Structures are given as C-alpha cells and as structure tokens.
Amino acid sequence: MILPVRVGVIGGGRMGAGIAHAFLLAGSAVTLVERDGASARAARQRITASLQGSHERGATERPPAEVAPRLRVTTDAGDLGGSALVVEAVFEDRDVKTAALRRAEAVLDVDAVLASNTSAIPIGDLAAGLDRPDRLLGLHFFNPVPSSALVEIVVAAQTAQGLVETAREWVLALGKTPIVVRDAPGFASSRLGVALALEAIRMLEDGVATATDIDAAMELGYRHATGPLRTTDIVGLDVRLDIAEQLHAALGERFAPPELLRRLVADGHLGRKSGRGFYEWSTG
C-alpha cells in the first residue's frame, strides 16, 4: 500500500487541514492551496497546531519539525502540478467545487487523480464540469480527520475502472477504513447521519426530551460516540441545513429541515464554530 509521493489539497479549513495532516503523517509531501495570503497563513498554523497536538497526545511519534518540511502552503493552483492526487476540500457549493477542480485539472498530468471531499453533492455533477471526468471520485473524510477511522469512497458512473482499488489502497495506507458507495444522494454516511440528526432536532422541537437526554439515548443506548445533536454542533448547523436541503430536493419530505434548525442558522447559532448551537461552546 503505497501513498502518492505528492498530494495536493485545495482549501485549508478544518477539513482540508485535517486531510493535509493525515497525508503528511503517512509520509506524503503535501501542497495546500488557499485563496489568499491570510487564509494560507491561517491554514499553515492550523496544520502545525494539529500536528503538535497529535504528537503531544502520543498519537504519533513524529514531531512536527520532522513533518513540516513536507508541507507547502500556497495561493497558486499552479503549484499543484506534479501531484498524483489532489483532494478538493472547499466550501460545500457545487460551483465553487467545480471551479476548484477545474483549476487543478488544468495543471495536473493526465493520469493524476482528482477527489472531492463533498459530503452530499453528486460526484457525477462535479465530474460533468471536467475535461477528464473519469479521473474524479469522492474521498469523503470525517471530522476530525486525524482521529477519524472512516473514509467514504464515492464512485460515479464516469469514474474509471481501477481507480477505486487505488483509492482503497491509499485509504488503508493512511491507517483508515474505506467503504465504497455508489454516487447516490447523500452517499451512505451523510444520508444516515442527517436522517438521525433531523429526527433528533424534531424531537427537541416537540419537547420530547432535552438535547442532553436525546444525545444520551444514542450514546448509552446505541453506543454512539457522540449524540446526533452534539455531532450537529460539531459539524455545523449551517452545513447540516445545506445537506438536508439537497437531500430534501432529491429524496422528498423525510429530509425536510425542521423549523428549529432553520431558525438557529438564521440567528447565527451554527454550533461549536459560533459558540452556540444546541449546546454552549467555548470559542476561546
């Protein structure tokens, strides 16, 4: 199981930084592209802090000083040239993602692999905007990427045969477990996770139980590591709402977002990143 020597990541937010972290620790050289200088500096700091945290917790024996020289953070998509794999991890918007993938495709060799970290946008839709749609698949990582065990490999109708097995080997080389799913609305993980989260929000809205008790029902009764409402806070209520809207359009009323979710997002209560969602969070 050999990882690409050079990997590109587009977008240095929480997910993109985590993906870069995972490949760096596994031995790849990583080029991360951000939209401007300030974002690039923030991304580098985010990755460095993440690497330091993993080392201090004993999750890895490699100190950041050993890993950091293999990280390049840039604002020029041309620097992705020579990468064998580029993972797009930008904002969950079809047009933004397509534009990012097209910029990468323009500088990559014809046999390079493109991947999207989208949690719900059809890979086939993104592939339709590319000159080489057969070189795209979904690599859906989970937050927090360094400690999460799962990567969802999403296969579109256009995806080249043989690419899936290559992706499986890469995921295993990262020390994670791959699952392979067809390019269906919400794939497997988002569809199941959002269904559970929306029902939990409806229960809270109806006064069935408190957020803490609803989460405890799943944590203690079903051995979920984190309950659906706390997980929604961690993911971001705005992200959950966006995915629910997409699934609602594709799959019908069972994915209709509850009014409580819409109201919290409209009020700016987005979960951990804003300091308040279904729980209060420290932003310090």
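Numbers for the structure displayed
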quantity	calculated
Residues of region 12-30 classified as within 19 Å of Thr75 (Cβ to Cβ) and open to solvent by less than 10 Å² (accessible area, probe 1.4 Å), total	6
Count of region 169-179 residues which are surrounded by fewer than 17 Cβ atoms within 10 Å (Cβ to Cβ) and either on the phi < 0 side of the Ramachandran plot or touching a Gly at 6+ places or on another chain (Cβ under 7 Å) (or both)	5
Members of region 115-131 found to be in contact with a strand residue (DSSP E or B) (Cβ under 8 Å, 6 or more places away or on another chain) and without any contact (Cβ under 8 Å) to a residue 40 or more places away in the chain, listed by number	Ser116, Thr118, Leu126, Ala127, Leu130
Cβ-Cβ under 9 Å pairs, at least 6 apart or on other chains, region 165-183 side in the same structural domain as Val87 (by the TED database) and over 20 Å from Ser119 (Cα atoms), far side part of a helix (DSSP H, G or I) and among the small types (Gly, Ala, Ser)	Ala173/Ala26; Gly175/Ala22; Gly175/Ala26
Single residue of Leu196, Leu247 found to be open to solvent by 30 Å² or more (accessible area, probe 1.4 Å) and not aromatic (Phe, Trp, Tyr)	Leu196
Near pairs, Cβ below 6 angstrom, 6+ apart or cross-chain, from region 138-158 (farther than 16 Å from Lys97 by Cα and in the same structural domain as Ala128 (by the TED database)) to any residue that is modelled with pLDDT of 90 or more and among the basic types (Lys, Arg)	Ala149/Lys176; Val151/Lys176
Subset of region 47-76 [among the basic types (Lys, Arg) and at pLDDT below 95]	Arg57, Arg62
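Residues checked against (1) open to solvent by less than 20 Å² (accessible area, probe 1.4 Å); (2) more than 24 Å from Phe91 (Cα to Cα); (3) assigned by the TED database to the domain that holds Ser119:
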position	(1), (2), (3)
Val208	no, yes, no
Ile214	yes, yes, no
Gly221	no, yes, no
Pro228	yes, no, no
Leu237	yes, no, no
Asp242	no, no, no
Leu251	no, no, no
Phe255	yes, no, no
Thr283	no, no, no
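The values are calculated or read from the model by the stated rules, or taken from the named source; none is laboratory data. Here the structure is a predicted model, which means the values were calculated and not measured. When we count neighbours, we look across all protein chains shown, and the Cβ atoms used for this are built from the backbone with ideal geometry, even at glycine. Ligands, DNA and RNA are excluded from the accessible area calculation, which covers all protein heavy atoms including side chains. Shrake-Rupley method; radii C 1.70, N 1.55, O 1.52, S 1.80 Å.
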